[in-house]
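Peer 1: Please see the structure below; I have some questions.
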Amino acid sequence: MSHSTDQIRNVAIAGHGQTGKTTLFEHLLFAGGVIPRAETLESGKTTSDSSPEEIDRKISIHAAMGHVERSGVKINFFDTPGSSDFSGGVILSFRAAEFALLMVDGKSGVQIETVKLWRNLDGQGKPRGVFITKLDNDQADFSKVLADIKEKFKVDPVPITISMGAGGAFKGVIDVLHEKAYLLQGDALEKESPIPDEFKDALAAAREKLIEAAAEGDDALMEQYIEKGSLSPEEIKKGLIAALAENKYVPAFAGAPLKNAGVIPFIDFVADAAPNPKTAKDTMLNSEGKEQPVAIDPGKPLSALVIKTAYDQFSGKLSWIKIVTGKLAADSETINVTENKKERIGKLYTCQGKKLEEVKELFAGDIGIITKSATLKTSDTLAAADAGLTFVPLRLPEPVHSIAVNATAKKDDDKLGEFLVRAAEEDKTFRYHFNGETKETVISGMGELQINIILDKIKTNQKIEVETRVPKVAYRETITKKAGAEYTHKKQTGGHGQYGKVVLEVAPLPRGEKYQFVNAIFGGAIPKNYIPGVEKGVVEGMAHGTMAQYPVVDVEVKITDGKYHPVDSSELSFKLAARNAFRDAMRQANPTLLEPVMTLTVFVEEKYLGDVMSDLSGKRGKILGQDSAGGIAEIRAEVPQAELLRYSIDLRSITSGTGSFNVAFSHYAPISGRIADDVIKARETFKVQEADE
Ligand SMILES: Nc1nc2c(ncn2[C@@H]2O[C@H](COP(=O)(O)OP(=O)(O)O)[C@@H](O)[C@H]2O)c(=O)[nH]1
Ligand SMILES: [Mg+2]
């Protein structure tokens, strides 16, 4: 069945690992009548953790989608992974959903990944709620976690449901909005019941707060509230809808989804008051690359964004799409604007986990699946016609962990290549590239866990044996003072000889300027037609420096003089002369090695700050700055890349797996002493292969 835009809600469930996201998702489907019973995580049979790697590891790795119906409203839910290794699944879900729900453990309170997700949502101004969960656990405390949220995020969440007791005395929740109690019923769904006397005061207080939040919805409601001191149920609902769409308050929910507690009133709230897609916007780029907002609007021609690509054993390629404007019909002609190609749509689907359900059409705001698409890739724009507009691609973080990999048997090279292409398409945070300089295929991602899962698939599913190594660092060489040299290439072999003499000077350039070639020849000492040969020789000389055969950068090379022979000179002779002259000059110009330095940003709980700092100083890091908010410290530093090749592993052991980081290339910096000696030594067996010797 298809739903109109007004009858669609999209919710991304996110939060720190192990906070019960997958369990909530499962119980949402159970409460919505989609599945006959809720499976436990331990059984490996949940709807959302359905891939072999998820069942194996008992954690969510991919984003999963499912939906329930409530009062004619279709609610699409995304279950997302909690580990920052799989943040790709969170990014696409946040893009597609108008409302995010952050799960917070009722005992542990706000944990580090949740803080990062909160900041991400702040960056997008996206409406969000918090679900305080596992209240059936000993030491769980709804009010304490609310206070923790208030302290860490500087917002005062508005309880939509409140907890009746906690731990062993947990009885269920009260729906503050609808003034109903829901009592636990063992394994069955929670049941509506009269409000127990002991919680009536708590309800009254929560109700007061909720009405205040609703009054913020618009000015007329606020006036009404100030005048009368209250609002009608209809006004409350209207106010809550408006205030949440504008991200003016954060609704809070209580529950223990594993025991079916707090699930039904949460669904009711989403159906009643979560943002209607029409209140949200996406962003497109025009042909000049300028951003422009696009409202989610069924009244316009079709435009849709591909948010995910997956490959399913039975259905083949699956393209998840969010319809932003208009509607998409099965059996229709569309255009992949990004690829500038026609895309014929066959069947259309929605899904419950990996189970597909056919639909005839999808309206703006909805999310569905196209199978076996010919041209679609993640982030592509699908439209009725090419209007010169494409959606802003998913904003993905830079990889932080890399490993060099090659097939043990040469014959598997192509198969490995094909697998990597597909893996990178399925998970946009996973990348691979061939580094021509170090002659390595390097695979990169958001962490060791993500990379290990890819390696497992290569070995187990693809049956390709591979070797892995820590990737090599791309060092550079440069000079630190001016010098000059001359070289005469002369050979007499039989008839025709070879002759060319080049005199040149080298001088250091500022860091990052790479290379400049200056022809300062006067009076035709080297004829013009040989100058390209001279420059080729210089460029070849710079490809492998004299210290450790690394490329030479930031050097000006000035050709000042030379000599030619009317018969024996050739481009080749001048090239060889220039190459050797350059090397001789470089040796005298006080050469030095350069190493890549990265900008590193680390996020850790404050208690680990000291350990992280001392580890960074042991890694030759330079601390640039440090901030703290909500118990989470953010450290910015410059650290040589050579020290960071295994940082995701180091940081995990320092912070018991709670820390995370970003890295980006910053600049090249000179190295000397023992560090440089080690680099040179490691390169001793490196052989340069050059033509024309
Ligand atoms: N006691 C209790 N345990 C829960 C509840 N929800 C989830 N869990 C358990 O917490 C663990 C992690 O749950 P999961 O749904 O995988 O968390 P996720 O990593 O956030 O998806 C599992 O062992 C669940 O059984 C709950 O409401 N109460
Ligand atoms: Mg999960």
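The values are calculated or read from the model by the stated rules, or taken from the named source; none is laboratory data. These figures come from a predicted structure and were not determined experimentally. Cβ sites come from the backbone with ideal geometry, for glycine too, and all protein chains shown count toward neighbours.
Peer 1: With the structure loaded, tell me whether Gly89 is at pLDDT 95 or above and closer than 27 Å to Ile296 by Cα or whether it fails that test.
Peer 2: yes
Peer 1: Tally up the residues in the stretch 20-34 that are under 19 Å from Gly186 (Cα atoms) and either within 12 Å of ligand 1 (Cβ to nearest atom) or among the acidic types (Asp, Glu) (or both), please.
Peer 2: Count: 7.
Peer 1: Among the residues of the stretch 77-86, is any over 19 Å from the mean Cα position of the chain (by Cα), within 13 Å of ligand 2 (Cβ to nearest atom) and touching a residue at least 24 places away in the same chain (Cβ under 8 Å)?
Peer 2: Yes, the conditions are met somewhere in the stretch 77-86.
Peer 1: Mind listing whichever residues of the stretch 189-222 are small (Gly, Ala, Ser) and either in contact with a helix residue (DSSP H, G or I) (Cβ under 7 Å, 6 or more places away or on another chain) or without any contact (Cβ under 8 Å) to a residue 24 or more places away in the chain (or both)?
Peer 2: Ser193, Ala204, Ala205, Ala213, Ala214, Ala215, Gly217, Ala220
Results for (1) within 16 Å of ligand 2 (Cβ to nearest atom); (2) modelled with pLDDT of 95 or more; (3) in contact with a helix residue (DSSP H, G or I) (Cβ under 6 Å, 6 or more places away or on another chain); (4) closer than 30 Å to Glu398 by Cβ, shown as yes or no for each residue.
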| residue | (1), (2), (3), (4) |
| --- | --- |
| Thr5 | no, yes, yes, no |
| Gln18 | yes, yes, no, yes |
| Thr23 | yes, yes, yes, no |
| Gly33 | no, yes, no, no |
| Phe99 | no, yes, no, yes |
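Peer 1: Quick one: is Arg119 assigned by TED's automatic domain parsing to the domain that holds Pro275, touching a helix residue (DSSP H, G or I) at 6+ places or on another chain (Cβ under 6 Å) and either more than 14 Å from ligand 1 (Cβ to nearest atom) or among the polar types (S, T, N, Q) (or both)?
Peer 2: The answer is no for Arg119.
Peer 1: Could you tell me whether the stretch 119-134 includes any residue that is at pLDDT below 95, in a loop (DSSP other than H, G, I, E, B), of a type outside the set (Ser, Thr, Tyr) and under 24 Å from Ser648 (Cβ atoms)?
Peer 2: So far as the stretch 119-134 goes, no, none of its residues is at pLDDT below 95, in a loop (DSSP other than H, G, I, E, B), of a type outside the set (Ser, Thr, Tyr) and under 24 Å from Ser648 (Cβ atoms).
Peer 1: Also, quick follow-up: With the structure loaded, tell me whether Thr46 is part of a helix (DSSP H, G or I) and within 13 Å of ligand 2 (Cβ to nearest atom) or whether it fails that test.
Peer 2: The answer is no for Thr46.
Peer 1: Just a yes or no: is a residue in the stretch 476-494 touching a helix residue (DSSP H, G or I) at 6+ places or on another chain (Cβ under 8 Å), surrounded by 18 or more Cβ atoms within 10 Å (Cβ to Cβ), outside the structural domain of Ser570 (by TED's automatic domain parsing) and small (Gly, Ala, Ser)?
Peer 2: Taking every residue of the stretch 476-494 in turn, none turns out to be touching a helix residue (DSSP H, G or I) at 6+ places or on another chain (Cβ under 8 Å), surrounded by 18 or more Cβ atoms within 10 Å (Cβ to Cβ), outside the structural domain of Ser570 (by TED's automatic domain parsing) and small (Gly, Ala, Ser).
Peer 1: Now for a separate question. In this structure, does Phe266 turn out to be in contact with a Gly (Cβ under 9 Å, 6 or more places away or on another chain), buried (at least 18 other Cβ atoms within 10 Å of the Cβ) and assigned to a strand (DSSP E or B)?
Peer 2: Answer is no for this residue.
Peer 1: Follow-up question, since we're still on this one. Return yes or no: is Gly657 under 27 Å from Val115 (Cα atoms), without any contact (Cβ under 8 Å) to a residue 12 or more places away in the chain, assigned to a loop (DSSP other than H, G, I, E, B) and not assigned by TED's automatic domain parsing to the domain that holds Val110?
Peer 2: yes
Peer 1: Which numbered condition in (1) part of a strand (DSSP E or B); (2) within 27 Å of Val442 (Cβ to Cβ) is the only one that Leu645 fails?
Peer 2: (1)
Peer 1: Please indicate, with yes or no, whether at least one residue in the stretch 62-69 is under 29 Å from Val324 (Cα atoms), crowded, with 18+ Cβ neighbours inside 10 Å and within 11 Å of ligand 1 (Cβ to nearest atom).
Peer 2: The answer is yes; a qualifying residue exists.
Peer 1: Scan the stretch 34-53 and report the pairs whose first residue is assigned by TED's automatic domain parsing to the domain that holds Asp79 and among the basic types (Lys, Arg) and whose second residue is within 14 Å of ligand 1 (Cβ to nearest atom) and assigned to a loop (DSSP other than H, G, I, E, B), with Cβ atoms within less than 7 Å and a gap of 6+ or a chain change.
Peer 2: Lys45/Glu39
Yes or no, residue by residue, for (1) within 30 Å of Lys360 (Cβ to Cβ); (2) within 11 Å of ligand 1 (Cβ to nearest atom); (3) in a loop (DSSP other than H, G, I, E, B):
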position: Val11; (1), (2), (3): yes, no, no
position: Gln18; (1), (2), (3): no, yes, yes
position: Pro36; (1), (2), (3): yes, no, yes
position: Ser50; (1), (2), (3): yes, no, yes
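Peer 1: Shifting gears a bit: Is it true that Tyr647 is hydroxyl-bearing (Ser, Thr, Tyr), outside the structural domain of Val442 (by TED's automatic domain parsing) and buried (at least 21 other Cβ atoms within 10 Å of the Cβ)?
Peer 2: So Tyr647 passes the test.
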